[in-house]
Amino acid sequence: MATVEEEESAKKKKSHGILKLYYGMTEEGKAAERHLEPTDVDGVHFNPELYLTKLRKESSLSQLMDVEADMVRQIRSLDSEMQTLVYENYNKFISATDTIRKMKNDFKKMEDEMDGLASNMAVITEFSARISSTLQVSHQQITKLSGVHTLLRKLQFLFELPARLKKCIELGAYGQAVSYHSKARSVLHQYQHMPSFHGIQTDCQAIMAGLADTLRQRFRDPASSPQELSECVEMLLNLEEPAHLLCDEFLAHGRGRLASHLSDLQESGDILEFVDRGCGGFISDACLLAASYQSLFSKEPGNSAQMAEAKLTVFLEELSTGYFELVEKRLHQEKSLGDNSLLVRALDRFHRRLQAPSKLVPGCGFNRRGTEIVVRAAQERLAQYLQSLKEFFQGCLTDVRQALAAPRLPGKETSGLGDLLAGLSASVLNQIKTVLAAVHLFTAKDVAFSNKAYFKGEFCSQGVREGLIVAFITSVCQTARQFCEIPGEKGTSTPPSLLLLLSRLCLDYETSTISYILTLTDEQFLGQDRSPVTPVSSLCSLARSTAQTLLNQFVKYQGLVVSQMLRKSVETRDWVTTIEPRNVRAVMKRVVEDITGVDVQVGLLYEEGARKAHSSDSSKRTFSVYSSSRLQGRYAQSYTPSAPMDTNLLSNIQKLFSERIDIFSSVQFNKVSILTGIIKISLKTFLECVRLRTFGRYGLQQIQVDCHYLQLYLWRFVSDENLVHCLLDEVVGSAAHRCLDPAPMEQSVIEVICERG
Amino acid sequence: MEDDAPVIYGLEFQARALTAQTAETDAIRFLVGTQSLRYDNQIHVIDFDDENNIINKNVLLHHAGEIWQIGASPADRNVLATCYNKISDSKVMTCAAVWRIPKELQGGNHESPDDTSSNAQSLELLCHLDSTAHGNMACVTWEPLGDGKKLLSLADNYLLIWDLQESSTKSVLSSSATLEGKGQLRFTSGKWSPHHNCTQVATANDTAIRGWDIRSMRQIYCIENAHGQLVRDLDFNPNKQYYLASCGDDCKVKFWDTRNIHEPVKTLEEHSHWVWSVRYNHSHDQLVLTGSSDSRVILSNMVSISSEPFGHLVDDEDLSDQEDNPQEEKTKEPLQDSIIGTYEEHEDSVYAVEWSSADPWLFASLSYDGRLVINRVPRALKYNILL
C-alpha cells in the first residue's frame, strides 16, 4: 500500500517536476537538493528502505505508530484527491470528443454548400456575360445621349446668355457677366458662321460692348478708387480690350490724380510739410499706381508686359519730372537759414521715400534724380551759407564802423579797438561754427543720403571746405582789401582805425584762426575725397598779404593826414617875410598830437616791436649839435663853379653812409614799424614842400625851431631815431639852401623856444 | 659799345629843370637849369658823345634867377624858354622868358670844360612873357612840331598862349583862359598835345587833369581826382592821339584814354614816393620813363597800351625813323607790360627825366643835388623792339 502511495506521490512529483521543468522554475534546484534527501517522503530520490530503516532505528514504537497513522491519513487524502482529478479530466475529454465529432459533421455540410455556390457562380458569370453583350449597344447610346445632354445644356447657356448677361449687368455683377462671356466667347467665335449662333454672338457682343462702355466710363470716372479701377481693368482685359489702350487709359486716369496732387503741392507750409505732402500724396499714389499697374499689365513676361513697362516708365518719368521740378522750386524758396535740420530732414524724407518707386520702376531713375536734387539742394545750401556768412561779416563790419564813428566817451577810448577786434573775431568765429554745425547735419549718420559718394567725398572737401570755409576766408580778405582799393583816391570814407582793425584781424587769421577753422572743418568733415584742396599755408599767406596791404594803407592814410597838415602849413605861409620865431608853430603841435593819437590807437592792437637801442637823451643832443654844425658847414661853404662835385660833398658823403630810405614801403606788424612809416611819410613831405619854397632868414629859423620840436617828440615813436634825425636834418638843410639870408638860430635859443612850447 | 653803364655828371648847384634840345636831332644834347638863390644860375648845355661815352658841357649864365622849368624850342635849337624865380624886395615872383644861346656856342663848338667857369657866357634875352597881371608862372611849353612861334604858359589859374613875333623878340598874348572854381586854383603843369594839329593842351591842377581846345580856349574834358593827391606831370603819347600819362604825389603813374575819363587805362605803382616826371619815348611809346622823389628812375615797358601792342602792327601810326620789320613782328605773341629797369644812381629826389631827341634809346635824369645821369635802354630790349 505504502509503495503505491509513494509511487503515486513520486509520479505526482515527477509530473510536477516536469511541469516545473517546463516552466523553468528556478526553485527546482533547491527542491531537487531537498528532494535528493533519500529520507524525504516527498523527495525525488526517496528510498523507502532507507526511510524505513531510519524510522525504525530512530523512532520509538509510539512514534512509529504515529507515523504510520499519519502516513495512512496522508495516503487516504491523496487517494481521494487523485480520484477527483481523474474525474474531472475525464469529463473534459468527453466534451472535447463531442465537439470534434460535431465539427466533423459541420464541415461535411459546408463542403456541400460550397459546391453549390461554385456552380451557382458559374451560372451567374455566364448570365452576366450574356447580359453585358446584350447591353453593349445601348450603353454607347446612353453615353452619346449624355454628351448631347451637356451640349444641350451648353447651348441652353448660350441661348440664355444674352438674357443672363443683361440680368447680370442689371444686377451690377459685372464680374459674373464677364466670366460668363469669356466662357462663351470662344464657342461663339467658333460657330459664328451659323446664323443662330451668330445672332447670339452679336447680341452678346452688343451687350458686352455696352458693358465695356460702362466699365470704361467707370474707368474714366476720376472719382473711382484704385481698387475699382483695377477691377475694371481686369474685366476689360478679360473682354479682350487692347492692352496698350488700357495702359494708356489707366495711366491717363492716374495722371489726373497725380497731377491734382502736384497742383495741391503748390501751396504748402514749411518744407517738411511740403515734402511730407509730396511723399504722402504724390509718391505713395505713384507707387500704388505703379504697383497696381504692374500687377495688371505685366504679370507674365512678354511683349505686352515690356510695352506696358515702357509706358509706365515714360509716364512716371514725365510726372516725376513735374514733381521734381516742384520740389526743386520749393527748395529754392527755402532761403531762411535758421534751422537747417528741417531742410535736412525734409531732404532725407524726400530721398527715402523715393526708394520705393525706384525699386518698383527701376527704369525711371527716381533714385538718381532724387539724389541729384538732394545734392543740388545741399550745394545751394552751401552757397546760401557762404552768402550769409559774407553778409554777416559785412554786418559786423558795419557795426564796427558805427562803433568807430560813434562819439566816444573819453574814458572808454582806450579799450575800444581791442574790444571791437575781439568782438568781431569772436562773433565771426561763432558764426562759422554755427554754420559748420548746420551743414554738418547733411552728413549725419541717420540721414540716408549721407552715405552717398557725394556726401562722403566731394561735399566735405569741395563743398564745405573749399566752397564754404575757404571761400569765406578768401572773401574776408577780399572785403578787407576792398577797403584799401576803393578809397585809394581822395574822399576816402574808410576810417583808418577800421583799416588797422582789419589788418590785425587778418594777421590773427594768419597766425591762428585759419588753421583752427580748417582743422575744425577737417575734423568734422572727414572727406574720403582726395581731390586737391587749398592748403592752409596759401590761405595764411593770403591773409598775411591782406593784413600787410591794409596796414600799408593805414600807414599811407595816416601819413597822408599828417602830410596834408605839413604841406598846407608850408605852402600857405610867406616864408620870406615871416617874423622872428617865438614859438613852435601850432601845426607842429598838432602833428605831434596826431601821431601820439595814432600811437595810442596802434598800441591797442599791435605789439611794441623792436627798436634800435639808443639812449634817448644822448640822441637828442646829438641831433641838435650835429645839425647845427652841419648847417654851419653847409651854407658857410663857398660855391666855386669850377669845382662841380665839391659843393654837396658833405651831404653826399653823409648820404653814402646812410641807407636809402623807402618812404612808402611795407611796414612790419608792430607799433614801432607802423609809426616809423607814418613819420617817414610825413617828414618826407615836409622836406619836399620846403624845397619848393624860398625862405627868408626868419623863415629858416622857424623851420629850425619846428624841426627841433619834432625831433624832441618824434624820436620815441620810431625804431631808429637816426631816421627822424636824417630826415629832419635834410629838411633844415634844404631850408637853408632855399634861404636868401641864411643866418641860423642859436641852438640854445631853439631849445628854449621848444621847451617853452 | 661795350657798356650800358650810366654816365654821371655833377652840377655844382641844385637843379630841377631838364630838357632835351628838341630841335637837335643829330647830337645828344640836354639842357639843365640850376637853382641857386645866392649865385648866378646857369644853364648847362650837355653834349653826350655816344661813341666815346664822354660828356661835354657848356655853361651859360642865366642871371635872371633860379630856374624852375626849361623848354627848348622845337624849331630853333638855340632858342629856349625858362621859368625862373625873381626876387625883388623880399618878394618872390616866378616869371618866364625866351632866350637865345649866344652865337659862339652855336653849332656845337664846345669849349674845353676848364674854361667854362671863367668864360661863361650869358644867355641872350629874346623876350619876356609878361605875366605880372596873371601871377606866378608855373610852366612854359612850346608848341610841339611847330615853327617855334607859339608858347603855352601857365600862371596861377590862367592858361596863356603866346605868339612870338619879330624873330622872337616880341611876345604877344594871343589868347587866354581862366580856371574858375572854388578856392585858390593853381596850375601845376601843362602839356601841349602833338595831335589834332596841336590844338589841344592838357593841364594839371591839384588832383585834376583838364584838356583844353586852344582855338576856343574852352575846356574839353576834365579828369577829376585823376590822382589821389597832387598831379605833378603829364605827357602825351606821341603815337596814340588820345593817350595821356600822368603822375603825382600818390606814387602812381596813370595812363588815360581821354575819351573815357572815368578810369585810367592802366596804373603803375612802382615808386615809393611822389612821382615828379613822366615821359613817353618819342619813337617807341611803350617805353615810359618816370622819376620820383624816392631817388629812383624807372623805365617801364607798357606794350599793352602802346601803339605797337603786338610789335609793329600799327604801321601807319609808326613814326619811328628806325628800320622796322613788321612782317616778323606780327607772328609774335602779345607782349607783357613790365618794368624794364629801376635806376638807382641818384641819391636825392629826381625831379626831371627826359628822353634824348636824337637817340631814342638814351635818356637823362636829374636829381635835386645836381646829379645828371645818362642811361640807355638795355640792349636786349632794344633789339627786341627793333627786330
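Some observations on this one:
- The alpha-carbon atoms of chain B define a convex hull whose volume equals 137 cubic angstrom per residue.
- The convex hull defined by the C-alpha atoms of segment A:493-562 has an orientation-averaged projected area of 5.6 nm².
- The local environment of B:THR203, defined by Cβ-Cβ distances under 14 Å, has a net charge of -2 under the rule Lys, Arg +1 and Asp, Glu -1.
- Annotation: amide H-H contacts under 5 Å for B:LYS57 (H modelled 1.01 Å from N, sequence separation of 5 or more, or interchain): B:ASP47.
- Here, segment A:174-378 has an Rg and a Dmax of 21.8, 81 Å when only alpha carbons are counted.
- Too-long pairs where the Cα-Cα distance tops 19 Å, listed order kept, from B:LYS57/B:LYS103; B:LYS91/B:LYS170; A:LYS311/A:LYS359: B:LYS91/B:LYS170
- Residue order, fewest to most beta carbons within 10 Å, for B:CYS139, A:CYS396: A:CYS396, B:CYS139
- For segment B:334-374: rounded, prolate or oblate by the Cα gyration tensor [a/c cutoff 1.5]: oblate
- Ellipsoid semi-axes in whole angstrom, largest first, where each is sqrt(5λ) of the Cα gyration tensor of segment A:96-205: 66, 21, 8
- Segment A:539-596 versus segment A:152-216: alpha-carbon centroid distance in Å: 111 Å
- Amide H within-cut-off set for B:ARG371, under 5 Å, with H built and near neighbours excluded: B:LEU11
- Shape box of segment B:1-41 [Cα atoms, principal axes, largest first, Å]: 41, 26, 13
- Backbone amide hydrogens, once placed in the peptide plane, bring B:SER174 within less than 5 Å of B:ILE161, B:TRP162, B:ASP163, excluding anything fewer than 5 places away on its chain.
- With a cut-off of 14 Å between beta carbons, the residues surrounding A:SER358 carry a summed charge of +4, where Lys and Arg count +1 and Asp and Glu -1.
Throughout, read-outs are computed from the coordinates displayed, never taken from laboratory work. Small disclaimer: the values here were computed from a predicted structure and weren't measured. Ideal geometry is used to build each Cβ from the backbone, glycine not excepted, and the neighbour counts take in all protein chains shown.
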